[in-house]
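Structure record follows, encoded as C-alpha coordinates.
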Amino acid sequence: MFAEEEIEALALGIRWVADRADGALGAAAQNALAKIAAVLPPDLRDRMDASALLVGPGEPIVGDGVDLAVLRRAIRGERKLSIAYRDRDGAPTERIVWPFALGFFDRLRVMVAWCELRGAIRHFRADRIVSVTALDTRYPRRRQALLKEWREAEGIPAR
(Lines give C-alpha, C1' and ligand atoms only; values in the text may rest on other atoms or scores of the structure.)
Protein backbone atom coordinates (compact mmCIF):
# COMPACT_ATOMS: atom_id res chain seq x y z
CA MET A 1 0.00 0.00 0.00
CA PHE A 2 1.10 3.57 -0.63
CA ALA A 3 2.43 5.72 2.18
CA GLU A 4 0.50 8.91 2.84
CA GLU A 5 3.19 11.13 1.26
CA GLU A 6 3.28 8.87 -1.82
CA ILE A 7 -0.47 9.33 -2.24
CA GLU A 8 -0.06 13.10 -1.87
CA ALA A 9 2.70 13.07 -4.50
CA LEU A 10 0.62 11.00 -6.92
CA ALA A 11 -2.48 13.13 -6.42
CA LEU A 12 -0.56 16.40 -6.83
CA GLY A 13 1.21 15.20 -9.98
CA ILE A 14 -1.98 13.84 -11.49
CA ARG A 15 -3.86 17.06 -10.72
CA TRP A 16 -1.08 19.06 -12.41
CA VAL A 17 -1.37 16.88 -15.52
CA ALA A 18 -5.17 17.14 -15.47
CA ASP A 19 -4.90 20.94 -15.31
CA ARG A 20 -1.84 21.70 -17.45
CA ALA A 21 -1.59 18.96 -20.11
CA ASP A 22 -3.65 18.67 -23.27
CA GLY A 23 -7.27 17.53 -23.05
CA ALA A 24 -6.78 13.82 -23.77
CA LEU A 25 -3.88 13.45 -21.35
CA GLY A 26 -5.72 15.53 -18.75
CA ALA A 27 -8.77 13.27 -18.98
CA ALA A 28 -6.55 10.18 -18.69
CA ALA A 29 -4.99 11.69 -15.55
CA GLN A 30 -8.41 12.23 -13.99
CA ASN A 31 -9.39 8.65 -14.82
CA ALA A 32 -6.17 7.35 -13.25
CA LEU A 33 -6.80 9.36 -10.08
CA ALA A 34 -10.31 7.93 -9.83
CA LYS A 35 -8.93 4.38 -10.24
CA ILE A 36 -6.32 4.96 -7.55
CA ALA A 37 -8.95 6.39 -5.20
CA ALA A 38 -11.22 3.39 -5.84
CA VAL A 39 -8.66 0.91 -4.50
CA LEU A 40 -7.45 2.90 -1.50
CA PRO A 41 -8.70 2.12 1.98
CA PRO A 42 -11.40 4.64 3.00
CA ASP A 43 -9.13 6.59 5.40
CA LEU A 44 -6.42 7.12 2.75
CA ARG A 45 -9.01 7.96 0.07
CA ASP A 46 -10.48 10.61 2.39
CA ARG A 47 -7.00 12.07 3.01
CA MET A 48 -6.31 12.15 -0.73
CA ASP A 49 -9.61 13.93 -1.40
CA ALA A 50 -8.95 16.44 1.39
CA SER A 51 -5.32 17.07 0.41
CA ALA A 52 -4.12 20.61 1.02
CA LEU A 53 -1.57 20.29 -1.80
CA LEU A 54 -2.99 22.33 -4.65
CA VAL A 55 -2.08 23.04 -8.24
CA GLY A 56 -2.12 26.80 -8.59
CA PRO A 57 -3.08 28.63 -11.73
CA GLY A 58 -0.27 29.03 -14.18
CA GLU A 59 0.41 31.27 -17.11
CA PRO A 60 -1.95 30.72 -20.03
CA ILE A 61 -0.75 27.81 -22.17
CA VAL A 62 0.15 28.68 -25.73
CA GLY A 63 -2.28 26.80 -27.98
CA ASP A 64 -0.98 23.64 -29.58
CA GLY A 65 -0.91 23.61 -33.35
CA VAL A 66 -1.81 19.91 -33.54
CA ASP A 67 -3.34 17.11 -31.50
CA LEU A 68 -0.64 16.04 -29.05
CA ALA A 69 -2.13 12.54 -28.89
CA VAL A 70 -0.79 12.00 -32.44
CA LEU A 71 2.71 12.96 -31.25
CA ARG A 72 2.47 10.70 -28.19
CA ARG A 73 1.36 7.71 -30.30
CA ALA A 74 4.27 8.26 -32.70
CA ILE A 75 6.69 8.44 -29.77
CA ARG A 76 5.34 5.22 -28.20
CA GLY A 77 5.39 3.41 -31.55
CA GLU A 78 8.75 4.85 -32.66
CA ARG A 79 7.13 6.05 -35.88
CA LYS A 80 8.21 8.87 -38.16
CA LEU A 81 6.10 11.99 -38.56
CA SER A 82 5.80 14.36 -41.47
CA ILE A 83 5.28 17.86 -40.12
CA ALA A 84 4.70 21.31 -41.51
CA TYR A 85 6.47 23.70 -39.16
CA ARG A 86 6.91 27.46 -38.84
CA ASP A 87 10.09 28.77 -37.25
CA ARG A 88 10.17 31.75 -34.88
CA ASP A 89 10.13 34.13 -37.85
CA GLY A 90 7.12 32.34 -39.38
CA ALA A 91 9.07 30.74 -42.23
CA PRO A 92 7.45 27.41 -43.21
CA THR A 93 9.35 24.14 -43.59
CA GLU A 94 8.37 20.54 -44.22
CA ARG A 95 10.18 17.96 -42.10
CA ILE A 96 10.35 14.24 -41.54
CA VAL A 97 11.12 13.70 -37.86
CA TRP A 98 11.65 10.86 -35.41
CA PRO A 99 9.88 12.05 -32.25
CA PHE A 100 11.20 10.62 -29.00
CA ALA A 101 10.14 13.03 -26.25
CA LEU A 102 7.46 15.58 -25.48
CA GLY A 103 8.21 18.23 -22.88
CA PHE A 104 5.41 19.91 -20.95
CA PHE A 105 6.47 23.33 -19.74
CA ASP A 106 4.35 25.81 -17.87
CA ARG A 107 3.36 27.78 -20.96
CA LEU A 108 4.12 25.52 -23.93
CA ARG A 109 4.94 22.03 -25.14
CA VAL A 110 8.03 20.97 -27.06
CA MET A 111 8.56 17.86 -29.16
CA VAL A 112 12.14 16.58 -29.21
CA ALA A 113 12.95 14.71 -32.40
CA TRP A 114 15.66 13.68 -34.81
CA CYS A 115 15.15 15.83 -37.90
CA GLU A 116 16.03 14.20 -41.21
CA LEU A 117 16.33 17.60 -42.92
CA ARG A 118 18.95 18.87 -40.45
CA GLY A 119 20.50 15.47 -39.61
CA ALA A 120 20.38 16.29 -35.92
CA ILE A 121 18.18 16.42 -32.87
CA ARG A 122 15.89 19.44 -32.88
CA HIS A 123 13.24 20.95 -30.62
CA PHE A 124 9.86 21.76 -32.14
CA ARG A 125 7.37 23.94 -30.29
CA ALA A 126 3.94 22.32 -30.55
CA ASP A 127 2.27 25.68 -31.19
CA ARG A 128 4.40 26.12 -34.33
CA ILE A 129 3.55 22.72 -35.83
CA VAL A 130 1.00 23.57 -38.50
CA SER A 131 0.11 20.01 -39.47
CA VAL A 132 1.26 16.50 -38.74
CA THR A 133 0.91 13.22 -40.58
CA ALA A 134 1.78 9.98 -38.85
CA LEU A 135 3.81 7.72 -41.12
CA ASP A 136 3.81 3.93 -41.00
CA THR A 137 7.60 3.93 -41.15
CA ARG A 138 9.41 3.03 -37.97
CA TYR A 139 12.50 5.10 -37.39
CA PRO A 140 15.81 3.21 -37.53
CA ARG A 141 17.07 3.96 -34.00
CA ARG A 142 15.50 3.10 -30.65
CA ARG A 143 13.70 5.86 -28.79
CA GLN A 144 15.70 5.18 -25.62
CA ALA A 145 18.99 5.55 -27.48
CA LEU A 146 17.90 8.89 -28.93
CA LEU A 147 16.72 10.05 -25.52
CA LYS A 148 20.03 9.06 -23.93
CA GLU A 149 22.00 10.87 -26.64
CA TRP A 150 19.86 14.00 -26.20
CA ARG A 151 20.21 13.98 -22.41
CA GLU A 152 23.98 13.67 -22.68
CA ALA A 153 24.18 16.49 -25.23
CA GLU A 154 21.97 18.74 -23.08
CA GLY A 155 23.62 17.78 -19.78
CA ILE A 156 20.36 16.38 -18.37
CA PRO A 157 20.81 13.51 -15.90
CA ALA A 158 18.74 10.36 -16.44
CA ARG A 159 16.09 9.68 -13.83
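Worth pointing out:
- Inter-part distance, region 55-93 to region 138-155, computed on C-alpha centroids, equals 19 Å.
- Residue-normalised accessible area of the chain, given per residue in Å² at a 1.4 Å probe: 60
- Directionally averaged projected area (region 56-118, Cα convex hull): 4.9 nm².
- Cβ-defined net charge surrounding T137, 12 Å radius [Lys, Arg +1; Asp, Glu -1]: 0
- Taking 0.36 nm per residue of separation and subtracting the current Cα-Cα distance, fully stretching the chain between A3 and Q30 would add 7.7 nm.
- Pairs of alpha carbons in region 13-93 whose separation is greater than 19 Å (percent): 57
- Mean residue ellipticity, 222 nm, helices only, the chain: the sum of -39500 (n - 2.57) across DSSP H runs of n ≥ 4, divided by residue count and rounded to 500, is -12500 deg cm²/dmol.
- Cα-only Debye scattering, region 88-159: base-10 log of I(q)/I(0) at q = 0.12 Å⁻¹: -0.34
- Relative contact order, percent, the chain [alpha-carbon distance under 8 Å, six or more residues apart]: 19
- In this rough spin-label picture, where each label sits 7 Å from Cα along the Cβ direction, the V130-A158 distance is 3.9 nm.
- Solvent-accessible area assigned to carbon and sulfur over region 1-104 amounts to 55 percent, based on a 1.4 Å probe.
- Cα-centre dipole for region 42-113 with unit charges at Cβ (Lys and Arg positive, Asp and Glu negative), debye to 20: 360
- Reported label for calculated percent of Cα pairs over 24 Å apart given (1) 50; (2) 45; (3) 30: (2)
The values are calculated or read from the model by the stated rules, or taken from the named source; none is laboratory data. Please read these numbers as outputs of a predicted model, since none were measured by experiment. For neighbour counting, all protein chains shown are included, and Cβ atoms are generated from backbone atoms with ideal geometry for every residue, glycine included. Accessible surface areas use protein heavy atoms only, side chains included; no ligands, DNA or RNA. Shrake-Rupley method; radii C 1.70, N 1.55, O 1.52, S 1.80 Å.
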